[in-house]
Amino acid sequence: MNPVALNLSGIDPELDDIELNLFVSAMRQRHGYDFAQYAPASLKRRVYQLVEQHHTGNISTLTARLLHDPTFLPQVLEGLSVPVSDMFRDPPVFRALREQVLPALAAHPRLTIWQAGCARGQEIYSLAILLEEAGLYDRCQIYATDFNDAALRQAREGIYPAREAQGWSRNYQAAGGTCSLADYYSARYDFIKLDHRLRRNVVFADHNLVTDAVFCEAQLVLCRNVLIYFSNALQNHVLAMFRDSLVPGGFLCLGLRESLALAPAARDFVAVDSALRLFRRAGPEPSPVDHAGH
Amino acid sequence: MPAIEAIVIGCSTGGPGALALLLGALDQRLQTSVIVCSHTASNSHLLCDVLAQHSTLPVIEACEREPIRGGMIQVAPPDYHLLVERGRRFALSVDEPVGFSRPSIDVLFASAAEVYGNGLIAVILTGANADGAAGLACVRRAGGLAIVQQPDDAAAAAMPRAALELAGADHCVALDEMGPLINRLCMT
């Protein structure tokens with residue numbers, strides 16, 4: 001049977017909560033990673049999965065290993081992040097990027113794009129393909145960031161299981177792709193490898209949305225299905241960070257089911273397509289010419 | 001007996017038909033929160049519309065961060081796990097599918113069990129896989145009540161059968177007895 005990592009004591013969720021808090025303290029105090037503002041249900045589920053995967057029996061033993069075994073941290077970080085996505089996941093979103101966002105961005109002589117939480121890079125390569133096909137790629141600087149170094153390494157390699165290719169090709173077509181996705185990868189054995197030219201303007205970098213600050217002025221920020229794991233306060237904090245990173249009129253693209261109803265910083269955005277969770281930073285848009293001149 | 005605060009319902013193959021029958025039999029005065037996880041909803045707005053035609057209670061898609069509401073059917077959106085937070089609010093996740101399923105019934109049931117404890121009823125309906133069995137075991141361990149559709153009565157017997165084998169049930173009934181049973185358990 002598939003390990004589901006449901007709960008541990010089953011009858012004593014309060015004990016689990018105490019142990020979870022100690023684990024979170026250990027991560028913060030010993031390793032500088034702050035999960036205190038993560039939404040508890042999913043965080044707890046992932047910690048339970050780590051307990052099962054490493055056969056520690058309970059969270060406290062997991063915490064002890066985290067404190068005393070210096071090689072253990074990367075495995076824990078890998079387990080606590082969500083490197084799950086697909087190329088052109090939610091095709092209508094990528095169609096809107098292609099048909100609405102990129103034409104609006106084409107007025108800028110230089111473009112900076114930030115994908116926060118790029119995980120294994122599926123969406124950054126999807127975006128790179130859109131930019132190539134729109135003839136905008138060469139004026140772009142693209143930042144793809146994540147706190148999971150193992151996922152970043154995989155993103156940089158751009159190698160994925162061949163079994164994904166068919167579904168991703170369908171997504172690409174549904175997103176308005178006019179070529180064939182196969183034009184952008186080579187297949188070997190059970191793997192496909194994305195054309196390395198797609199990442200010539202991409203910087204993959206370690207960045208933690210919880211503890212790190214804004215580092216670029218962007219015309220487009222993508223952050224899909226990351227904020228769903230954050231508490232309301234942290235969601236708002238990160239949303240404000242995206243606002244500060246975006247130029248007025250700059251675009252923000254979130255996950256399809258994300259709700260900003262409880263985030264005060266949402267007031268600084270206007271919806272371009274609320275069903276697709278596509279927004280623009282409010283405020284007068286600087287003329288691209290002025291902008292380039294400074 | 002403790003007051004029932006929430007009902008979680010899991011189904012897969014044959015689910016929409018079974019849900020239509022069950023939700024149509026619920027008492028419209030029910031104040032309990034009803035949370036549905038169906039694998040069959042590739043478009044949950046469509047499923048919500050279909051269920052709304054049959055249900056005595058309003059049907060909406062469950063939204064992240066929103067309070068879980070009483071007297072309302074709340075349906076898990078497709079391609080996300082649906083979880084219950086301690087503050088009686090919904091959370092979504094795109095963690096890996098569990099047993100090829102997202103939303104996973106196990107994930108919903110386990111998180112609901114932690115929050116509602118013995119104030120929870122969990123229902124397993126028709127389905128062609130074993131999702132929900134482990135979650136149902138969590139619900140029972142936490143003191144919640146398990147209702148499983150009789151496998152012979154289900155369009156697909158595998159899911160109720162797996163649930164009975166792994167978790168057992170407090171009530172194993174045919175679909176047409178289930179609505180009245182839930183009404184009795186929640187309203188007395």
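The values are calculated or read from the model by the stated rules, or taken from the named source; none is laboratory data. These figures come from a predicted structure and were not determined experimentally. Cβ: placed from backbone, ideal geometry, glycine included. Neighbour counts: every protein chain shown.
At a glance:
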read-out: Flag if B:V34 is outside any loop (DSSP other than H, G, I, E, B), touching a helix residue (DSSP H, G or I) at 6+ places or on another chain (Cβ under 8 Å) and at pLDDT below 95; value: no
read-out: Within segment B:57-68, tally of residues that are surrounded by 16 or more Cβ atoms within 10 Å (Cβ to Cβ) and away from chain A (no Cβ under 14 Å); value: 2
read-out: Filter result for A:D183 (within 15 Å of the chain's Cα centre (by Cα) and surrounded by fewer than 17 Cβ atoms within 10 Å (Cβ to Cβ)); value: no
read-out: Exclusive hit being crowded, with 24+ Cβ neighbours inside 10 Å, over 16 Å from A:R45 (Cα atoms) and touching a residue at least 12 places away in the same chain (Cβ under 8 Å), set B:M187, B:M159; value: B:M159
read-out: Single residue of segment B:37-54 satisfying the filter (surrounded by 22 or more Cβ atoms within 10 Å (Cβ to Cβ) and assigned to a loop (DSSP other than H, G, I, E, B)) that is nearest to the other protein chains (Cβ to nearest Cβ); value: B:A41
read-out: Every residue from segment A:141-177 that is among the small types (G, A, S) and under 30 Å from A:P109 (Cα atoms); value: A:A144, A:A155, A:G158, A:A174, A:A175, A:G176, A:G177
read-out: Filtered residues of segment B:77-127 (kept if of a type in the set (D, E, K, R) and free of Cβ contacts under 8 Å to residues at least 12 places away in the same chain); value: B:E96
read-out: Test result for B:L19, crowded, with 16+ Cβ neighbours inside 10 Å and either on the phi < 0 side of the Ramachandran plot or more than 14 Å from the chain's Cα centre (by Cα) (or both); value: yes
read-out: Pairs with Cβ under 6 Å, 6+ apart, first in segment A:218-232 and under 14 Å from A:V247 (Cα atoms) and more than 14 Å from chain B (Cβ to nearest Cβ), second of a type in the set (F, W, Y) and part of a strand (DSSP E or B); value: A:A218/A:W114; A:L220/A:F251; A:V221/A:W114
read-out: Per-region count, segment A:223-252, residues among the aliphatic types (A, V, I, L, M), surrounded by 22 or more Cβ atoms within 10 Å (Cβ to Cβ), in a helix (DSSP H, G or I) and over 13 Å from the mean Cα position of the chain (by Cα); value: 1
read-out: Cross-chain or 6+ apart pairs with Cβ under 8 Å, segment A:46-67 first and of a type in the set (S, T, N, Q), then surrounded by fewer than 16 Cβ atoms within 10 Å (Cβ to Cβ) and modelled with pLDDT under 95; value: A:Q49/A:P3; A:Q53/A:P3
read-out: Hey, A:Q75 in contact with a Leu (Cβ under 9 Å, 6 or more places away or on another chain) and free of Cβ contacts under 8 Å to residues at least 60 places away in the same chain or not; value: yes
read-out: Any hit, segment A:265-278, residues being away from every other protein chain (no Cβ under 14 Å), at pLDDT below 95 and either crowded, with 16+ Cβ neighbours inside 10 Å or on the phi > 0 side of the Ramachandran plot (or both); value: no
read-out: Any hit, segment A:271-278, residues being within 20 Å of A:A144 (Cβ to Cβ) and not polar (S, T, N, Q); value: yes
read-out: The listed residue being closer than 21 Å to B:T32 by Cβ and either of a type in the set (A, V, I, L, M) or modelled with pLDDT of 95 or more (or both), out of B:G179, B:G168; value: B:G179
read-out: Within segment A:83-121, tally of residues that are buried (at least 22 other Cβ atoms within 10 Å of the Cβ) and without any contact (Cβ under 8 Å) to a residue 60 or more places away in the chain; value: 2
read-out: Residue count for segment A:42-57, restricted to those that are outside any helix (DSSP H, G or I) and surrounded by 15 or more Cβ atoms within 10 Å (Cβ to Cβ); value: 2
read-out: Segments classed as helices (runs of 4 or more DSSP H), wholly inside segment A:102-216, with at least 1 members that are more than 29 Å from A:V272 (Cβ to Cβ); value: A:149-157, A:165-174
read-out: Residues satisfying the stated conditions in segment A:29-41, i.e. touching a residue at least 12 places away in the same chain (Cβ under 8 Å), part of a helix (DSSP H, G or I) and closer than 23 Å to B:L83 by Cβ; value: A:P40
read-out: Boolean, A:R200 is of a type in the set (D, E, K, R), away from every other protein chain (no Cβ under 14 Å) and loosely packed, with under 13 Cβ neighbours inside 10 Å; value: yes
read-out: Residue within segment A:129-136 that is of a type in the set (V, I, T), surrounded by 22 or more Cβ atoms within 10 Å (Cβ to Cβ) and in contact with a strand residue (DSSP E or B) (Cβ under 7 Å, 6 or more places away or on another chain) present; value: no
read-out: Strands (runs of 3 or more DSSP E) contained in segment B:82-177 and holding at least 2 residues away from chain A (no Cβ under 14 Å); value: B:120-124, B:145-149, B:171-173
